[in-house]
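One structure is given below, encoded as structure tokens.
The values are calculated or read from the model by the stated rules, or taken from the named source; none is laboratory data. No experiment lies behind these values; they were computed from the predicted model shown. Every residue, glycine as well, gets a Cβ built from its backbone with ideal geometry; the counts of neighbours run over all protein chains shown. The accessibility values were calculated without ligands, DNA or RNA, using every heavy atom of the protein model including side chains. Shrake-Rupley method; radii C 1.70, N 1.55, O 1.52, S 1.80 Å.
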Amino acid sequence: MDIEKLKLKTKASVESQKQQLIQLSLNIHDNPELAFEEEKASAWLTSYFVDSGFHVERGIAGLATAFRATYGDESPRIALLAEYDALPKIGHGCGHNIIGVSAAGAAVASKATIDQLGGSIVVIGSPGEEGLGGKIDIVKAGAFREIDVAMLVHPNTKNMPTEEALVCSTLDVEFFGRPAHAAGHPEKGINALDAMILAFTAINSLRQHIRGDARIHGIITDGGEAPNIVPAHSAAVFLVRALDYDYLSELKDKVLNCFTGASVATGAKLGHKWRDRIYAPMKNNMTLAGLFRQNLESLGRHVEAFDPHFGLGSTDMGNVSQVVPSIHATIAIAPTEALIHTPEFAAAAASQAGHQGLLDAAKAMAMTVIDILQPEVIDKIRQEFHSG
Ligand SMILES: [Zn+2]
Ligand SMILES: [Zn+2]
């Protein structure tokens, strides 16, 4: 069978799963679970793979809600990355229900391809993309050692074959002051909240003089107990992001200086910890991106090149892309004003346009699997990865 016939068959296979995929997506959407708590989503996705004849391993890399679902046992091994975690209060405002289910649809539709062309499909269920970086643990556990290529499609407001990402480091910070009656004996107190506010102000000043593509942002998670007690403790979480590791390291020092300065000024003691999981930059494989682009265009979608002014975030797919040729593509499910991480985008992730995005992402990935399994193509993808 030639490639085009196989692509028609694989698209038809996605269509034949349409009702189940949409239902699965809506179930995950209607039951939003935070990072590393995705028990239902992980259970629903893995049972879909078991029912579809995949070999399923749950709890890989020491993460209870991670999984691996495999079909085929030959090389090349193509990984499709599933995400399924949600955001606090906003639910699926990042549309990860569509990422998880489009990977499932593409994988199941690729069974005929694997039967015919060899190779394997490996769906990596990667929890906690929002802030906890599940893929970082999965990479460290060696789950990508046997993998040749990896793909992920993220819903957004544009169709793009690649997306860049910032390096991102997380800082947990606390100030320890001394409590006192805020009216009776304020002179006896050391105000930990004031220290935190000073640090925020210092960071706001720093922000005027950093590179345009770097980002520093945080929230206060503890600001005291009551207005009539001088706050003895305050806490915050900050994210520091930059285009490269060198500038990130420079910024991390400067951000920490803001907290140290606030500690000196108020007398509140500073405690801090940079988290171990650092989100890596995205190294997109342009050979793979070109194939995905053609396949997505063949579905009648207008595909645009990545525009950095469109907005840069961070993704733990970046860490995968450092060890395996990868793409982090996007599929349009909402108008450009519906920005991700908003309730509007959460609504889009359960809309007709969201369903269509899910199906098109699954089809484009499944068609790209067929391309990747052509021997000259996989060689070219590998060459590009090792040359840059
Ligand atoms: Zn997100
Ligand atoms: Zn996301």
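A few points about this structure:
- Positions within the range 123-143 being more than 16 Å from ligand 1 (Cβ to nearest atom) and open to solvent by less than 10 Å² (accessible area, probe 1.4 Å), in sequence order: Val123, Ile124, Gly125, Ile138
- Condition check for Ile90: surrounded by fewer than 24 Cβ atoms within 10 Å (Cβ to Cβ) and within 12 Å of ligand 1 (Cβ to nearest atom): yes
- One residue alone among Gly300, Gly261, Gly271 is on the phi > 0 side of the Ramachandran plot and surrounded by fewer than 18 Cβ atoms within 10 Å (Cβ to Cβ), and that residue is Gly300.
- Check on Thr342, within 13 Å of Ile99 (Cβ to Cβ) and within 16 Å of ligand 1 (Cβ to nearest atom): no
- In the range 19-70, residue nearest to Lys140 (Cα to Cα) [restricted to those that are hydroxyl-bearing (Ser, Thr, Tyr) and part of a loop (DSSP other than H, G, I, E, B)]: Thr65
- Condition check for Thr287: of a type in the set (Val, Ile, Thr) and open to solvent by less than 60 Å² (accessible area, probe 1.4 Å): yes
- Filtered by the rule that a residue be surrounded by 20 or more Cβ atoms within 10 Å (Cβ to Cβ) and part of a strand (DSSP E or B), the range 171-200 gives Val173, Glu174, Phe175.
- Count of the range 169-204 residues, restricted to those that are among the charged types (D, E, K, R) and within 40 Å of the chain's Cα centre (by Cα), is 4.
- Among the candidates Val303, Val320, Val264, residue that is within 19 Å of Ala82 (Cα to Cα) and either assigned to a helix (DSSP H, G or I) or of a type in the set (A, V, I, L, M) (or both): Val320
- Of note, Pro179 satisfies the criterion of being modelled with pLDDT of 95 or more and touching a strand residue (DSSP E or B) at 6+ places or on another chain (Cβ under 7 Å).
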